[in-house]
Every structure is written in C-alpha cells, then in structure tokens.
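Below is one structure, written out as structure tokens, with a few remarks after it.
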Amino acid sequence: MLKYLQPSFTLLGRSSMNKSSIFRTVTTLTQPSQQPVEEQVLIQETGKTRSFTLNRPRVLNAMTIEMVETFFPCLQAWEKSEDVNMIFLKGNGRALCAGGDVKAALGFIHQKDGQFIDILDMEYRMFHYVATMKKPYIALMDGITMGAGGGLSVNAPFRIATENTQFAMPENTIGLFPDVGASFFLSRLDGQVGTYMGMTGHVIKAHDVLYSGIATHFVPSIHLPELEARLTELDTSDHDIINDTINAFASEQLDHPQMKNQHFTLCGDTRRIIDRCFRYDTAEEIVDALEKDGSAFAKAARETILKRGPTSIKITLEHLRRGIHMGITDCMKMEYSLWQKMAIRHDFTEGVTSQLITRQPPQWQPSTLEQVDHKELKKVFFDTPAERSIKMIYDNDNYLVHPYRRYVLPSESDIIHVLKQHPTWQQKDLLDHFGKLQQNKFGVAEKVKDVWNRLM
C-alpha cells in the first residue's frame, strides 16, 4: 500500500458530495456514533484540548472529502471557542497523512459538473485557514507526511517530527506541482533545499525534517503521549509557553537513542552541491549543472528530474521562484489557479494512470524540458487568470514571514546575520548564543556547526 500511495497528493473525493454537510455538527468520541461505518476522523476532547486523529490507517490516512467536511468546520468552531486552548492533529498507524486520492480527483474532473472546483475551493480555504488561524495548532508528524499531509502540518505553528517521519512533496511524479502552500514553505527553506525537494520529490526522514525547517521540533515517538498530556495540563493558549514546553521536553530526551542514531544529511558537501546546482532560474540550467557536477548525488538528482513531467518541473521551479516574494495568501491563490489549469491537462491523467494503474513509464506531452516554451508557460499558467478565483476566510492575512517562524531551528540566514553583527565570534560563541536563545533545543548545535563548517 505504501508503494501505491507513494506519489501522495492533495485532491481527494468521493462519488458525490452533499454541500450542506460541510457545516454539520460532528460528534466527539464521548458520544455514541450514529454511523455503522468506522469514522474517518476521530475527535477527542480533554479539558480545553481538542484533537483530530485521521483514521484510515490501511491507506496511510489518505484524505477524503468526508475527512475535510469533518475537519474544517470543527477547526473553525474551535478557533472561536473560549473553551478550547489548543488543537492537536494526529494520524492512526504509520502515517499522519500520505496525501490524497488522485484517482478520485481525476473522476471529478472528468465529470465536468463543477464538483472538482467546489472541492478544490474547500481544500484550499482549509489549508489557508491552518496557516492563518490564531489558536495553537500542533501537528504530530509521526510517520509518512506527504502531499495533503504537508498542507495540514507544515503551515501550522508547531510541527513535531519523530524517528518515523518521512516527508516529501512528490507531485511532479503525476504531472502536477508541489501544492497546499509549498510555494510558500519550500521556497523559504535554507539555500536551494526547497528547490531541490520540489523538483525531485526527495523524501527526507526524521532529523532531516527538523534540520531542514519543515518541522519545528523533534521528539521520539514513544514520548508523544507524555508530551501531549503535559501540554494539555498547561491550560493556556499562549504559543510561547507551548513552545517552551516542547523545547524543554525535547531537551530532556537528548540521551534517547533516537536522538543519537540519526543525523542531518542535507549538509556539508551535499548541501554545497544543492546550492551550486539548483540556484538557476531555468530547469535546463539546473539539469546541466547537475551533469557537470558529476557526483553520485548530482547524477541521482538529475535522473530523477528527467523522469518527471517536463511541464511540471518548469512550473514547480517558476512557482517556487515567485513564491519567495509572495505572501501566504497570494501563494495559495497562485496554486489554486495552477491546479485548475494543470488538472485538465494530458500530463495529470497520464501521470495518475501510469503511477497507479498501468505502472508503465508515463508518456509526457511535451516529453522533454527543451520542448516546453518557458515564455508560453509563464503566459498560460501564471499571467492568465484561471476560470475561478478564491477568497480565503482570513483573506487579508498575507504574511511574508510565518508568524511563528521563531519556533524552528535558526535558519542559515539567521546564523549569518548574527556572525555579521559579531565578526570576532568563534564557533563556541555562536553555539552559546543560539543555545541560550532556543533553550539548548535538540538540533540547534548540529545546525549551527554545519553552517560554520560550510561557510567559514
């Protein structure tokens, strides 16, 4: 089943959608279920804490429209309620959420009755809401987190990785592009790491998810229940207090085997290759740079890119380059527009069919990067309005920097900025500074050392 869902993506659905059910009242675990089937989202109340558990473990919690119809209204209600302090997102089994049912999405598109756009609208309003809500939202990324799972977690203020976390945005595999806010969060990773991840769909694991900035904290999975209980006992909605508690908890686990057996891999020489080869603004230049580099890492990245949809690769690069200069609302509106245009193209149908049905190599149209006219691509996909626009619930909240960015490990730019302010500092001074700033949080020292060793 993991192989089946590996290209994990966003749009999901069912054969019909009752729009009036979007705002229905959802029963909690403490109430008897009226449904004879297993609930796809379990909702639990503990004091002033609320938690969602995505409950489709056999398909790695791949999202359905029913899940969205449960999740989104509750999220809005809890955001407004004085009886709720914080919200947890969890997954049952070995995934938080591996993405969505793209075959169902394809069915909606072929129906041509407008349901596809209705679902797309609801999903993007939900992902934007996660990115802009004011109440503390904590995503436990304990397992596979891809596609839609990324939209439900990486946009949030608190994202906790474990030794089980596997993260990727591999939408190019089926002729799409990294979405659900990826044009915002991937474009803001250190150096060209986000460009590398977006163009290759590379899966990062465990500590890499923390060091890259995708996650805000790392805690061994065995300690998640204790952490959740401790946070629930706080009886507060103060983000800083919640962050301090998670930081202290992670620091307490420094001797845990899972804290020692894994290390940052997108660092050192690997990171130098990424930054050197992925700094260009055209896919052809990036592919050429990888070929000239000649390292095993560069060869693997190049081979992967050339297997993806050429149009998808170029759109991915363009939307990441644009996204770095755009706010969160504008990024999601750009992606919403791209979805409408790309979903009806040959490559999406071909990609889904080849990956999930025939298991044969896809026949992309056009078939090479050189055949994709970049000027025409920008005109059609970026400069021409889509058929339908979208208005978010917090439409005016269009921040350029995530309001809780301070909870991730210090970025490379943060470290360089401090060095410029203190040019006589040595590595120890830098470690002391950021260790004190982030309460000796797990990962700070290794991140600072990597930047120092690469750039000094």
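Rule-based calculations on the coordinates, nothing more; no lab input. All figures in this text were calculated on a predicted structure; none of them were measured in a lab. In this analysis, Cβ positions are derived from the backbone assuming ideal geometry, glycine residues included, and neighbour counts consider all displayed protein chains.
Of note:
- Magnitude of the charge dipole, segment 328-417, Cβ model with Lys/Arg +1 and Asp/Glu -1, debye to 20: 200
- Exposure proxy ranking for Glu69, Glu376, based on other Cβ atoms within 10 angstrom of each Cβ and starting from the fewest, stands as Glu376, Glu69.
- Within the straight-line cut-off of under 25 Å between alpha carbons, the lysines reachable from Lys134 are Lys48, Lys80, Lys90, Lys333, Lys391, Lys441, sequence neighbours fewer than 8 places apart in one chain being disregarded.
- Amide H within-cut-off set for Ala62, under 5 Å, with H built and near neighbours excluded: Ala98
- Relative packing of 89-99, 140-150, 117-127, which averages over residues the other C-beta atoms within 10 Å, highest first: 140-150, 89-99, 117-127
- Ordering Ala289, Ser183, Leu210 by the projection of their Cα atoms onto the charge dipole of the chain, which places +1 on the Cβ of Lys and Arg and -1 on the Cβ of Asp and Glu, puts Ala289 at the extreme positive end.
- Helical runs assigned H by DSSP (4 residues or longer) give the chain a calculated mean residue ellipticity at 222 nm of -13500 deg cm²/dmol, each run adding -39500 (n - 2.57) before division by the residue total.
- Near Lys299: Cβ cut-off under 10 Å, other residues only, Lys/Arg at +1 and Asp/Glu at -1. The net charge is -2.
- Summarised as an ellipsoid, the chain has semi-axes of 31, 31, 19 Å, derived from the eigenvalues of the Cα gyration tensor scaled by 5 and square-rooted, with the largest first.
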